[in-house]
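Contents: one structure, followed by commentary.
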Amino acid sequence: MELSKNYIPAETENKWYNHWLDKKYFNSTPDERDPYTIVIPPPNVTGVLHMGHCLNNTIQDILARYNRMNGKNVCWVPGTDHASIATEAKVVGMLRERGITKSSLSRDEFLGYAWEWKEKYGGIILQQMKKLGCSLDWDRVTFTMDDDYYKSVISVFVDLYNKGLIYRGKRMINWDTKALTALSDEEVIFRDTNSKLYHLRYKIEGSEDYITIATVRPETILGDTAICVNPNDERYKHLHGKFAFVPLINRRIPIIVDEYVTMEFGTGALKVTPAHDMNDYQLGLKHNLEVIDIMNDDGTFSEAAQILIGEDRFEARKKIIPLLEDTGAIVKIEDYPNQVGYSERTDSVVEPRLSLQWWVKMKPLAEPALKVVVDGEIKFHPAKFANTYRYWMENIKDWCISRQLWWGHRIPAWYDKDGNYVVAVNGEEALKQYKEKYPQADTTNLKLTQDEDCLDTWFSSWLWPFQVFKGYSNPGNKDVEYYYPTDTLVTAPEIIFFWVARMIMAGLEYKKEIPFKDVYFTGIVRDKLGRKMSKSLGNSPDLLGLIDQYGADAVRFGIMIASPAGNDLLFDESSLEQGRNFNNKVWNALKLVKMWEGRQANFNNETNENFAVNWFGQRLNEARTEVNNLIKQFRLSEALKIIYSLIWDDFCSWYLEWIKPGFEQPIDKVVYKKTVGYFEQLLQLLHPYMPFISEEIYHLLKEQQDDICVKQFNDITTLDKAILAEGEILKKVISAIRDARNKNQVKPKDTIKLYIQSDTVENYQPIEHILSKQVNAESMHYTKEAIANTIVVAVEKDKFFIESENELDALMLKEELLKDLIHQQNFLQSVLKKLSNERFVQNAKPEVVELERKKQADAEARIKTLKESLQNLN
């Protein structure tokens, strides 16, 4: 068949993905092999594929395909998360377009629309993953609100409540005024903000004096119930026990003392608003202060504010300033940089509020989850994230798990009309428990009402590693016993607390085992300016568009070539072009090899090409060993660079050139067969990273009885380091002679005579044929003396004299040699400086010091050769 000029991804990707699905290569059932299990971080049902997903899922697919080709029974589980806040917002938006408000619907009616939305859009991202080539077991798709999963979440809530680890209490929470729900601390993103600091004065009761406070939120003075000063602050000792009046509303509030107040900040006097500040709330509890909540759920001012009722909190801030100025309450306003909390879900400013919510006691769950990471049972890659994890776990706070939403797992608490409640898995069980808990109650016409709130999304996803195998709803089943604990979790560092920590807690609590052995943290994909990619900035490319333009393999290559574990990567579309160029390089290698297919002949087995064949076999083994070690260390980007260089340089630029027959000349059958075998092994090595092109070329090389997708790697044989060293010398010599020819304007088509001066002539005899062909030498000789009127090239301790029919420009040649000599002398000085540093020699690894000593010896030999060459030229 005639091959196209360049590789065309669109002609191969769907074909091979459907073929793999038809063959059920990605499906897994328990058997006698060792399992290798990954559970996908479930994307939101609202999601579409973006660059972060591309990085995360490419990494997972590399690990899945690599382990599948190494004999493991790979199970990569797909699924989606119901994403309460994000999905509810989408559904509310859809209803708005239809002229319907959420408030006009019953809960069941709203949920009907939510399920309709989920069925229509919820699986889009999973379908898009197929475009990327993800080898997921599609028979195992799990959704966090599947019936079994839902029941498990509810059962876990009841179990933790019965253990005393879940409680209901009125505490300060983070309130999202846009989504109208509570948030956990981890869902608040703090940003540096340029604010204003307002100095306001409060009149002292029975006096003409004032006390001045400083605040960035002047609108909250309407909820003030005290002013607090440090007991040791001499400025305010005369005010201890007195009262002041809140400006505008004249509420009489006490002046209290507490060492909590920092004398150096602001004026040293603190306004206390227990309903609207986390720290003020604690002070309020300590001093038994009144709590006045001046805001409605949507961030507008309530009746309790007394003025500006119905105004949005930020509009109220604008309007309260002139009112305060009119009364003379503002002393001064100054610029003030501070941090403001934003909702991770809606990007609105979070409002601290006192609220009755459901909470999980975290300390008892956190202690064993910290131990397994500290003890190394679970390893983080890179390891630096273990310190972040440890700090959070040692300072953990209780987790607010109730959300004021309808879409999600409804809290299994049931109330009577007086607010008495029981916690049970369903209404029937609730009624039974109620009668036991309240035996004196009249239950004749009793109607219990279920809690309106839903659970935090993360309360369901922390069960993910075992519940995808029904490990909670059907304990001890064949799948969970085989696949759990899973092997590798690939995720982003920003959800280390949301998800990673909580999965470890849940795994230890309900399976008595860790949920995974290794956690690979990806970096954040940023643009060339270092900004995080986002829709709002408009700097996030259309991933599916990039796949259409460059092909999935090139996109996978582009995202992986510069993505070391845990470090952010600067995405540049040029890396995709590099991936596309790499595709075409491999495609052209295929065309070259296929061109030789019909030109095979039986040669004497002792052909000169045997060195090239033997050398590349060893180089392939060497690279495979490096790649295996790097992948085991999760250094996937570095492993790809090894593969890239092996194919582009060693195979295409060197090996194929070394074995290439002359124009219309035949190729040795043995060499051809070996070359096809090497090509197959290279494609196998490349397959986890670039699955489509590797499968396509594998089948175009020759008729195959299997697919590369499931082809097992052969064992690596012992390395012959001598032939590897000879190969490196050969490459250096060819490069140096070509460079010298070029500098001296000896055209590639012009033949030369080559003289080699070496103490180890035997090293060059096996490679004579390749060397002479590659540098276009009509003859090659060995010499013990310098050859006059030649171009001199030095490689390590050996010298090469190039004799050309062209008249040599002695002046230009001398100039080049002097330039090289100065460079080598400067290089030698830098090496000697390093070796003369005692600290370096004592602290560096022995192999690093040895490498520097080799650099010194090589540079000294090169300098000696250059000096001799200059003398010879003179």
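Each reported figure results from applying straightforward, stated rules to the coordinates on display, with no laboratory input. Fair warning: this is a prediction, and the values are worked out from it, not measured in the lab. Cβ: placed from backbone, ideal geometry, glycine included. Neighbour counts: every protein chain shown.
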## Note on the structure
Distance in nm between Gln633 and Phe713 label points, each 7 Å along Cα→Cβ, equals 1.5 nm
### Summary
Taking every DSSP bridge whose two residues both lie in the chain, the antiparallel percent to the nearest 5 is 70 percent
### Message
Test of understanding: given the chain, find the longest segment containing no chymotrypsin sites (Phe, Trp or Tyr not before Pro) that are in a DSSP loop and have at most 11 other Cβ atoms within 10 Å.
### Response
266-662
### Potential extension, Glu377-Glu626 segment - 0.36 nm per residue separation minus Cα distance
87.1 nm
### Query
Over the range 543-719, what number does the Rg to Rh ratio reach, with both radii from the alpha-carbon atoms and Rh per Kirkwood?
0.99
### Message
Let me check against my output: what whole-number percent is the relative contact order of the chain, with C-alpha pairs under 8 Å and at least 6 apart?
### Response
12 percent
### Query
Tell me, what does the Kirkwood hydrodynamic radius of the range 181-352 come to in angstroms if you use every pair of distinct C-alpha atoms?
16.7 Å
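Please report, largest first and rounded to whole Å, the three semi-axes of the ellipsoid equivalent to the range 1-94, where each semi-axis is the square root of five times an eigenvalue of the C-alpha gyration tensor.
Ellipsoid half-lengths, sorted descending, are 30, 23, 12 Å.
At a Förster radius of 22 Å, what calculated FRET efficiency corresponds to the Cβ-Cβ distance of Asn279 and Tyr336, to the nearest 0.05?
With R0 = 22 Å, the Cβ-Cβ based efficiency is 0.80.
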### Task
Could you compute the FRET efficiency for Asn843 and Asp720, with r as their C-beta to C-beta distance and R0 at 45 Å, rounded to 0.05?
0.85
## Note on the structure
Here the gain from full extension of Glu481 to Ala786, 0.36 nm per residue of separation minus their alpha-carbon distance, amounts to 102.3 nm
### Query
Given +1 on the Cβ of Lys and Arg, -1 on the Cβ of Asp and Glu, and no further charges, what dipole in debye does the range 181-352 carry about its Cα centre, rounded to the nearest 20?
640 debye
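Based on Cβ point charges of +1 for Lys and Arg and -1 for Asp and Glu, what charge dipole magnitude is obtained for the chain about its Cα centre, in debye rounded to the nearest 20?
480 debye
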### Query
Considering the dipole of the range 27-90 built from charges on the beta carbon (Lys and Arg +1, Asp and Glu -1) around the Cα centre, which of Asn57, Ile38, Thr80 is farthest to its positive end?
Asn57
### Task
Would you be so kind as to identify which of Ile631, Gln618, Ile256 lies farthest towards the positive end of the dipole of the chain, taking Lys and Arg as +1 and Asp and Glu as -1 on Cβ and the Cα centre as origin?
Gln618
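Dipole of the range 38-181, Cα-centred, from +1 at each Lys and Arg C-beta and -1 at each Asp and Glu C-beta, to the nearest 20 debye?
Charge dipole of the range 38-181: 380 debye, to the nearest 20.
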### Task
State the answer as a single residue: which of Ile737, Gly545, Leu111 lies farthest towards the positive end of the charge dipole of the chain, with beta carbon charges of +1 for Lys and Arg and -1 for Asp and Glu, about the Cα centre.
Ile737
### Query
Mind listing the phi-derived Karplus ³J(HN,Hα) values for the range 294-300, rounded to whole Hz, using 6.51, -1.76 and 1.60 with θ = phi - 60°, and x for any glycine or proline?
9, 10, 7, 4, 8, x, 8
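What do you get for trypsin sites (Lys or Arg not before Pro) in the range 495-584 restricted to DSSP loop and a cutoff of at most 13 other Cβ within 10 Å of the site's Cβ? Mind showing how you got there, number by number?
Values: sites: Arg502, Lys511, Lys512, Lys517, Arg526, Lys528, Arg531, Lys532, Lys535, Arg556, Arg580; in loops: Lys511, Lys512, Lys528, Arg531, Lys535.
For trypsin sites (Lys or Arg not before Pro) across the range 495-584 that sit outside H, G, I, E and B with at most 13 neighbouring Cβ atoms in 10 Å, the list reads Lys512, Lys528, Arg531, Lys535.
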### Message
Using each residue's phi in the range 345-356, evaluate 6.51 cos²θ - 1.76 cosθ + 1.60 at θ = phi - 60° and report the 3J(HN,Hα) Karplus result to the nearest Hz, with x for Gly and Pro.
### Response
7, 10, 6, 8, 5, 6, 10, x, 9, 8, 8, 7
### Query
Quick one: Cα centre-to-centre distance for the range 341-414 and the range 244-258, in angstrom?
37 Å
### Summary
Computed from the beta carbon distance with a Förster radius of 30 Å, FRET efficiency for Lys532 and Arg217 to the nearest 0.05 stands at 0.60
### Task
Enumerate by residue number the trypsin sites (Lys or Arg not before Pro) in the range 773-874 meeting two conditions: DSSP loop (anything except H, G, I, E, B), and at most 15 other Cβ atoms within 10 Å of the site's Cβ.
Lys784
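Please identify every one of the trypsin sites (Lys or Arg not before Pro) in the range 436-491 that sits in a loop by DSSP and has no more than 14 other beta carbons within 10 Å of its own beta carbon. Write out the running numbers ahead of the final one.
Details: sites: Lys437, Lys447, Lys470, Lys478; in loops: Lys447, Lys470.
For trypsin sites (Lys or Arg not before Pro) across the range 436-491 that sit outside H, G, I, E and B with at most 14 neighbouring Cβ atoms in 10 Å, the list reads Lys447.
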### Task
Divide by every residue of the chain the summed helix terms, -39500 (n - 2.57) for each DSSP H run of at least 4, and state the resulting mean residue ellipticity at 222 nm, rounded to the nearest 500 deg cm²/dmol.
-13000 deg cm²/dmol
